[in-house]
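**Q** Questions regarding the structure given below will be posed in turn.
The values are calculated or read from the model by the stated rules, or taken from the named source; none is laboratory data. All of these numbers come straight from a predicted model, not from anything done at the bench. FYI the Cβ positions are ideal-geometry reconstructions off the backbone, even for glycines, and counts take in every protein chain you see. Ligands, DNA and RNA are stripped out before the accessible areas are found, and what is left, the full protein with its side chains, is counted by its heavy atoms. Shrake-Rupley method; radii C 1.70, N 1.55, O 1.52, S 1.80 Å.
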Amino acid sequence: MIKAKGFAAISPKSPLESFQFERRNLRDNDVHIEIQYCGVCHSDIHQVRDEWGPGIFPMVPGHEIVGRVLAVGAQVTKFKIGDLAGVGCMVDACLDCPSCKEGLEQYCENGFVGTYNGKEKDGTGTTHGGYSNSIVTREEFCLTISSNLNLAAVSPLLCAGITTYSPLKHWKVSKGQKVGVIGFGGLGHMAVKLAHAMEAHVVVFTTSPSKAADALRLGAHEVVISKDMTQMKNHTNSFDFILDTVSAPHDYNIYLTLLRRDGNMVLVGLPDKPPELYPGALIMGRRKLGGSLIGGIKETQEMLDFCAKHNIVSDIELIPIQKINEAYERMIKGDVKYRFVIDMKSL
Ligand code: NAP
Ligand code: ZN
């Protein structure tokens, strides 16, 4: 086994702390990556705090991983020692069911294996994520990273980037469409950059007036303070598409009424409590409410290439790993500009 160190939550009630553990020895199709940066996703907080149900502890979170290849198994062809590589939210899936065969491993009908808080398919144990010095991952789940972009700022693309890119593509957001983004945090600010690059007219809904100037600077054409009902009502019946990235319970109905006839609202934010839904908000105008989970590996590579072409990275605040608990508290207050990324040199 390969010795590893990182930060883990020992139980759902405990803050993260220094933790020693092991990675498996390389199999023929494995890549061993020295982790340089790992982004901090709100899903990390939901999971270490058991907000989505009981997790597996100790838990080393982190699924926005970038670094350099340290070693490769005998049959690896896509990577060689020294290459940049990334790992996102998944490290395994059956690769055989209809969803996997369509490149939609996130919807694997036999269940994908999460990068952390997951169980290895062969029963060898629990997966541990990127708040650590290295990871061993099968080649099919490793992504190729461009050396032209700031590596720390690329790491959030592995979750925040793909989670917002995938629904924008699936629902065919295109030039001139009016697109709303609810919540201007890690996912929200990526959605704005990506929808802007797809030439949509982008409107940000935020509860934080202090973020308005940044939203406009990062690609929004308009900003609506969502607590101001007059501003909200000015947009009734006008959106082609709305992406909801909010991490806490909130009202969906008001946003549904902002969709035009046949418009789509898609949820990626996953609060711990169910919303109240008024059917009338959907029925009037034949509106649709959907959801979307990260994105497949092929699409993640497509998104990384799209970002390299359009010079898109995340706006980040680089932190030493010792500040992770403080970063969580700030994220819960909406105080992040706009993604924390851990500099693994601090480990
Ligand atoms: P984040 O950086 O903390 O951003 C969430 C934003 O939501 C905040 O910045 C804030 O934006 C807004 N917000 C927070 N509390 C709110 C409240 N009470 N009412 C209204 N707005 C509120 O989180 P993130 O990392 O972007 O993740 C967002 C959500 O997506 C999480 O639930 C996460 O688990 C989920 N997620 C889903 C997927 C998927 O595959 N579907 C993948 C990754 C993450 P403003 O200050 O602008 O209002
Ligand atoms: Zn995530």
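**Q** So which of ILE324, ILE319, ILE242 ends up being closer than 30 Å to PRO98 by Cα and aliphatic (A, V, I, L, M)?
**A** Exactly one of ILE324, ILE319, ILE242 is closer than 30 Å to PRO98 by Cα and aliphatic (A, V, I, L, M), namely ILE242.
**Q** Give the residues of the range 332-347 that are open to solvent by 30 Å² or more (accessible area, probe 1.4 Å) and among the hydrophobic types (A, V, I, L, M, F, W, C), sorted by residue number.
**A** ILE332, LEU347 - these are the residues of the range 332-347 that are open to solvent by 30 Å² or more (accessible area, probe 1.4 Å) and among the hydrophobic types (A, V, I, L, M, F, W, C).
**Q** Among the residues of the range 274-293, are any of a type in the set (Phe, Trp, Tyr), in the same structural domain as LEU218 (by TED's automatic domain parsing) and not in a helix (DSSP H, G or I)?
**A** Among the residues of the range 274-293, at least one is of a type in the set (Phe, Trp, Tyr), in the same structural domain as LEU218 (by TED's automatic domain parsing) and not in a helix (DSSP H, G or I), which makes the answer yes.
**Q** Specify the residue that is nearest to TYR328 (Cα to Cα); the eligible residues are those in the range 220-257 that are open to solvent by 30 Å² or more (accessible area, probe 1.4 Å) and hydroxyl-bearing (Ser, Thr, Tyr).
**A** It comes out as SER247.
**Q** Moving on. Residues of the range 229-252 being closer than 16 Å to THR206 by Cα and touching a Pro at 6+ places or on another chain (Cβ under 9 Å), which ones?
**A** LEU243, VAL246, SER247, ALA248, PRO249, HIS250, ASP251, TYR252
**Q** Quick check on my filter: what residues within the range 51-73 are open to solvent by 30 Å² or more (accessible area, probe 1.4 Å), in a loop (DSSP other than H, G, I, E, B) and in contact with a Lys or Arg (Cβ under 9 Å, 6 or more places away or on another chain)?
**A** ILE56
**Q** When you go through VAL246, VAL192, VAL179 one by one, which is the residue that is of a type outside the set (Asp, Glu), touching an Asp or Glu at 6+ places or on another chain (Cβ under 7 Å) and under 25 Å from SER43 (Cα atoms)?
**A** None of the others qualify; the one that does is VAL179.
**Q** Considering only the range 258-266, I want to know if a residue exists there that is open to solvent by less than 10 Å² (accessible area, probe 1.4 Å) and in a loop (DSSP other than H, G, I, E, B).
**A** Among the residues of the range 258-266, at least one is open to solvent by less than 10 Å² (accessible area, probe 1.4 Å) and in a loop (DSSP other than H, G, I, E, B), which makes the answer yes.
**Q** Consider ALA197 against the criteria (1) under 17 Å from TYR338 (Cβ atoms); (2) in the same structural domain as LEU267 (by TED's automatic domain parsing); (3) of a type in the set (A, V, I, L, M, F, W, C); (4) buried (at least 24 other Cβ atoms within 10 Å of the Cβ): it satisfies all of them except one. Which criterion is unmet?
**A** (4)
**Q** Right, another one. Say whether the condition of being within 16 Å of ligand 2 (Cβ to nearest atom) and on the phi > 0 side of the Ramachandran plot is met by at least one residue in the range 285-294.
**A** Yes, there is a match, as at least one residue in the range 285-294 is within 16 Å of ligand 2 (Cβ to nearest atom) and on the phi > 0 side of the Ramachandran plot.
Quick grid of which residues meet (1) open to solvent by less than 80 Å² (accessible area, probe 1.4 Å); (2) farther than 30 Å from ASP50 by Cα:
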site: GLY269; (1), (2): yes, no
site: GLY280; (1), (2): yes, yes
site: SER292; (1), (2): yes, no
site: ASN311; (1), (2): no, yes
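**Q** What pairs can you find where one residue is in the range 175-193 and more than 16 Å from ALA213 (Cβ to Cβ) and open to solvent by 20 Å² or more (accessible area, probe 1.4 Å), the other is assigned to a helix (DSSP H, G or I) and within 14 Å of ligand 2 (Cβ to nearest atom), and their Cβ atoms are less than 6 Å apart, with a gap of 6+ or different chains?
**A** The qualifying pairs are LEU187/ALA160; LEU187/THR163; LEU187/THR164.
**Q** For the range 294-347, name all the residues that are in contact with a Phe, Trp or Tyr (Cβ under 6 Å, 6 or more places away or on another chain) and either at pLDDT below 95 or part of a loop (DSSP other than H, G, I, E, B) (or both).
**A** ASP315
**Q** Okay, next question. What tally of residues in the range 49-71 results from selecting those that are touching a helix residue (DSSP H, G or I) at 6+ places or on another chain (Cβ under 8 Å) and either away from ligand 1 (no atom under 11 Å from the Cβ) or not hydrophobic (A, V, I, L, M, F, W, C) (or both)?
**A** Number of matching residues: 10.
**Q** Next question. So which residues in the range 213-241 are closer than 25 Å to SER166 by Cα and assigned to a helix (DSSP H, G or I), if there are any at all?
**A** Of everything in the range 213-241, those that are closer than 25 Å to SER166 by Cα and assigned to a helix (DSSP H, G or I) turn out to be ASP214, ALA215, LEU216, ARG217.
**Q** Same structure, new question: Can you find even one residue in the range 25-45 that is open to solvent by less than 20 Å² (accessible area, probe 1.4 Å), assigned to a loop (DSSP other than H, G, I, E, B) and at negative phi?
**A** Yes, the range 25-45 has at least one match.
**Q** Can you tell me how many residues within the range 92-137 are out of contact with any Lys or Arg (no Cβ under 7 Å at 6 or more places or on another chain) and either open to solvent by 20 Å² or more (accessible area, probe 1.4 Å) or not in a loop (DSSP other than H, G, I, E, B) (or both)?
**A** The total comes to 26.
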